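Undergrad: Got a structure here, written out as structure tokens. Questions coming.
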Amino acid sequence: MKKRLLCLAVLALCAISFYHAFLRPFYGGAPLNVVREKAGRIVLVPLDGRPPCRQFVLDAADVAGVETKALPYEMQDYYTMPGDTKGAQKWLRENLAQSDAAIISIDQLLYGGLLSAREADKSHAEIEAFITYLRDLHAAHPTVPIYAFSILPRMIPPASIDDYYDNKYILAYSRLADRYALCGDPEDAAKMQKLEERIHPASLAQYLALFEQNEYLSRALIELVKEGTLERLLIGQDDGEKYSIPNIEKRRLQELLIEEQIPAERAAIVHGADELALTLLAVISAKGSVRRPQVYLDWNDEDTPDELLPFMAIPMRETVREKIAIFGGECTASAASADFVLFISAGSEKSLTARRKSARRIEKYLASGTPVALVDLSRHFAAEETLLPLLIEHGAPIEGFLAYAGWNTASNSVGTALSQAVTFSAMREKAKTRDDILALHASNLKLLNNRFLEDYCYLKDVITLVNTSLKKNGTKNVYDLDLERDYLAATALLRKAMDDRLQTFKNTKSCRRPFRVPLPNGESAELSVCDLQADMSFPWPRTFEIYLETTPFIVVR
């Protein structure tokens, strides 16, 4: 009996040893417990209440080491319900004096959020009154720079145009109108005329009025840049295509910037929307840096730079270079001469065979201590087209990434990863002490793991599970959930599925593997994530995006 008990005890000890050695290794060291003092204060008016527009910026502000005060939730939009524009304008006026800079969404302040801006119905007089408000705001606080961004109407008709054929014909009309403006083909003009006869006049008039109204606003905002009311202005193009009416407005505004000789570092037309507040935060963070960001571009496939991904009006090469230009960055000829490598992967059925080569190349960068920001895109929004699962399979030290992003459009992801990398690099340049450097990495690891879990685990996997389960239970529209029934069921599904994936992810060798951090005086430390917790929910009654905040428990030795 004693021998049997002894054998069982030995087997139990072997099992525990095997579990900790291979499935849940512990690398030793002491938990990281350092606090970083905030330097500076920014006031934020987000584009809307979704996490990419608000929470991403607040998390990145921790990396930047600045205190950020955001517009209160009760004044912001909630899904299709517009925000309180008068309340938001009053709040900004009252809080600007205590700030070192402001990042403001024109769409939130004027219309009450992005969705409301898509249904915009403002007269020229109302726009002029808003422009006067901005002038008065600057006059009252002339030493506080205002960084503003505004979004062009997207190609897709607003939700209030709900006739199926109107939507179909308007999209065709929009493509033809842009192509005709560029090429002048009489056949396109004839096709447009036929489409006009099929579209309800009120629907077409409403659609075209959006662009006329927005161009009037954009021209007024550019004038504010010229006169110094706005420190910087980004005008974003949301959900574009190669040919569409938004491109016509974009070209007109670009011509105006050239005509008025306004430099790109003051005002620019860019692609994207949700990530622009985050981009402006990175611009502010990098302002005091000694030199411009030096970026080495690497691609998963030789065809990727010329790829035109879904919802984009320009190829990947132009998208990436446009984003780098926002920071005044420069592309280097080698990884050795760069601040970091921006690795762009746009996975598709054509590039599947190149995935392993790409993963190995990234592993070599990480092994050599080269900072890497990975943009992990998929043409079909599928996990099997991304690089992260291969990196995890290989046990690559992914917690050593500078940045990671793979959500929604190419411009969203490139802008997010680049903003995180630029912010971190600028702060790393300023960090002087061991504690400063370790605290900076701790803030960055939170942002990094947020993106791992949402961009990969949720958007490439769990969202399909949640949507399928809801539809099986009778939910017809996952973009408009019943708050009393569907929302609770969806939240329960989300938390169960994501917790399963979190448990698997945080116990992989890849997540727990240490990475080396250079410290002052030639010293270094090894950091590793010993545990990871996450809180998650749906911010709006739809499954398209989630609120997710991780808490990494970090060991340093």
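The values are calculated or read from the model by the stated rules, or taken from the named source; none is laboratory data. These figures come from a predicted structure and were not determined experimentally. For neighbour counting, all protein chains shown are included, and Cβ atoms are generated from backbone atoms with ideal geometry for every residue, glycine included. What goes into the accessible areas is simple: the full protein's heavy atoms, side chains included, and nothing from ligands, DNA or RNA. Shrake-Rupley method; radii C 1.70, N 1.55, O 1.52, S 1.80 Å.
Undergrad: Give me the pairs, please: first residue somewhere in segment 391-406 and on the phi > 0 side of the Ramachandran plot, second residue anywhere and open to solvent by 10 Å² or more (accessible area, probe 1.4 Å), beta-carbon distance under 7 Å, and either six or more positions apart or on two chains.
TA: Gly395/Lys509; Gly395/Arg513
Yes or no, residue by residue, for (1) hydrophobic (A, V, I, L, M, F, W, C); (2) closer than 14 Å to Ser105 by Cα; (3) at pLDDT 95 or above; (4) open to solvent by 10 Å² or more (accessible area, probe 1.4 Å):
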{"residue": "Ser218", "(1), (2), (3), (4)": "no, yes, yes, no"}
{"residue": "Glu227", "(1), (2), (3), (4)": "no, no, yes, yes"}
{"residue": "Leu256", "(1), (2), (3), (4)": "yes, no, yes, yes"}
{"residue": "Glu259", "(1), (2), (3), (4)": "no, no, yes, yes"}
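Undergrad: Right, another one. How many residues does segment 470-512 contain that are more than 27 Å from Thr551 (Cβ to Cβ), assigned to a helix (DSSP H, G or I) and open to solvent by less than 30 Å² (accessible area, probe 1.4 Å)?
TA: Residues flagged as more than 27 Å from Thr551 (Cβ to Cβ), assigned to a helix (DSSP H, G or I) and open to solvent by less than 30 Å² (accessible area, probe 1.4 Å) within segment 470-512 amount to 2.
Undergrad: While we're looking at this one, here's another question. Only one residue in Arg428, Arg451 is open to solvent by 10 Å² or more (accessible area, probe 1.4 Å), in a helix (DSSP H, G or I), in contact (Cβ under 8 Å) with a residue 12 or more places away in the chain and among the basic types (Lys, Arg). Which one?
TA: Arg428
Undergrad: Could you please find all residues in segment 287-301 being of a type outside the set (Ser, Thr, Tyr) and modelled with pLDDT of 95 or more?
TA: Listed by number, the residues that qualify are Pro293, Gln294, Val295, Leu297, Asp298, Trp299, Asn300.
Undergrad: Taking segment 315-326 as the region of interest, how many residues are open to solvent by 30 Å² or more (accessible area, probe 1.4 Å) and either among the hydroxyl-bearing types (Ser, Thr, Tyr) or touching a residue at least 40 places away in the same chain (Cβ under 8 Å) (or both)?
TA: Within segment 315-326, residues that are open to solvent by 30 Å² or more (accessible area, probe 1.4 Å) and either among the hydroxyl-bearing types (Ser, Thr, Tyr) or touching a residue at least 40 places away in the same chain (Cβ under 8 Å) (or both) number 2.
Undergrad: Suppose we filter Ala273, Ala282, Ala335 for residues that are open to solvent by less than 20 Å² (accessible area, probe 1.4 Å), touching a helix residue (DSSP H, G or I) at 6+ places or on another chain (Cβ under 9 Å) and in a loop (DSSP other than H, G, I, E, B); which single one remains?
TA: From the options Ala273, Ala282, Ala335, the qualifying one is Ala273.
Undergrad: Another question, if that's okay. Residues Gly395, Gly369, Gly415: which one is in contact with a helix residue (DSSP H, G or I) (Cβ under 9 Å, 6 or more places away or on another chain) and open to solvent by 10 Å² or more (accessible area, probe 1.4 Å)?
TA: Only one candidate qualifies: Gly369.
Undergrad: Of everything in segment 147-177 that's touching a Lys or Arg at 6+ places or on another chain (Cβ under 6 Å) and in a helix (DSSP H, G or I), which residue is surrounded by the most Cβ atoms within 10 Å (Cβ to Cβ)?
TA: Per the criteria, the residue is Leu176.
Undergrad: Report, by residue number, each residue of segment 384-425 that is in a helix (DSSP H, G or I), within 15 Å of Arg451 (Cα to Cα) and touching an Asp or Glu at 6+ places or on another chain (Cβ under 6 Å).
TA: Selection gives Leu388, Asn412, Gly415, Thr416.
Undergrad: How do the pairs read when you match residues in segment 531-552 that are over 25 Å from Thr80 (Cβ atoms) and touching a residue at least 60 places away in the same chain (Cβ under 8 Å) with residues anywhere that are open to solvent by 30 Å² or more (accessible area, probe 1.4 Å) and small (Gly, Ala, Ser), using Cβ under 6 Å and keeping only pairs 6 or more apart or on different chains?
TA: These pairs meet every condition: Thr550/Ala534.
Undergrad: Looking at segment 338-360, which of its residues are buried (at least 17 other Cβ atoms within 10 Å of the Cβ), part of a helix (DSSP H, G or I), at pLDDT 95 or above and not aliphatic (A, V, I, L, M)?
TA: Ser358
Undergrad: Restricting the search to segment 376-393, which residues are over 18 Å from Pro305 (Cβ atoms) and modelled with pLDDT under 95?
TA: Scanning segment 376-393 gives His380, Phe381, Ala382, Ala383, Glu384.
Undergrad: Go through (1) under 26 Å from Pro158 (Cα atoms); (2) over 16 Å from the mean Cα position of the chain (by Cα); (3) not charged (D, E, K, R) and name the single condition Ala39 misses.
TA: Every condition holds for Ala39 apart from (1).
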